[in-house]
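The structure under discussion appears below in the form of structure tokens.
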Amino acid sequence: MSNESTKLSLFVNEEQKETIISLFGYYNWEVKELNDEQATCVNETTQTDQILENDDNNAYEETDENRFVIQQNEDSDECPFCLCKPCITDESNRQLWWETECQQRHTRRNNSLRKEKYKYFWTIMYHRDVWRDDRYQERKLQALARDPKFRNFIWHKRDIMPNCVLKLVRNWHPNPENIPYMGHLWE
């Protein structure tokens with residue numbers, strides 16, 4: 001691991017700042033905060049400030065130039081559900097928040113834990129451009145064209161979670177035997 005320092009400008013709220021400082025403290029990493037004058041000097045040269053200056057209302061607007069996209073492994077087989085190479089649930093894509101053991105069956109607690117995991121998977125798939133893929137868009141249109149009584153999908157940010165994600169997350173946080181999962185139809 002390199003000992004070189006890198007300057008990094010972030011716009012965070014107070015809670016996020018405290019969390020970052022706690023993380024650095026846990027690893028005994030040094031945090032050097034800049035005063036307003038130093039920060040202004042550094043920020044004048046950052047790409048983030050250039051983006052913000054060009055925006056009339058100072059709200060961050062995403063463009064193709066500043067999107068963070070993770071390239072997929074072309075040597076891997078593509079998952080027919082999530083359209084990722086390898087599957088988004090493959091061990092090579094493991095994250096720190098992934099469960100190491102399946103939890104006990106529970107009605108209310110596991111439901112909220114599954115929702116949290118779906119949000120994380122949505123983000124991973126977003127950074128792999130899955131939600132922009134024409135094949136996904138076509139599947140989504142077909143799913144939405146179904147009879148309304150069969151539209152029981154697992155949604156996050158208006159995108160439908162693929163079966164591979166559902167299977168893994170439901171395995172981590174299962175419902176009791178007699179409690180059905182929220183419906184999900186995907187082909």
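The values are calculated or read from the model by the stated rules, or taken from the named source; none is laboratory data. Bear in mind the structure is a predicted one, so any value in this text is a computation, not a measurement. Each accessible area value is taken on the protein alone, full model and side chains, heavy atoms only, with ligands, DNA and RNA left out. Shrake-Rupley method; radii C 1.70, N 1.55, O 1.52, S 1.80 Å.
Selection of the range 68-85 for residues being open to solvent by 80 Å² or more (accessible area, probe 1.4 Å) and more than 13 Å from residue 164 (Cα to Cα) yields 68, 71, 74, 75, 77. If you scan the range 86-121, which residues turn out to be open to solvent by less than 50 Å² (accessible area, probe 1.4 Å) and in a loop (DSSP other than H, G, I, E, B)? Across the range 86-121, the qualifying residues are 86, 87, 88, 89, 98, 99. For residue 135, the conditions (1) at pLDDT 90 or above; (2) of a type in the set (Lys, Arg); (3) part of a loop (DSSP other than H, G, I, E, B) are fulfilled apart from (3).
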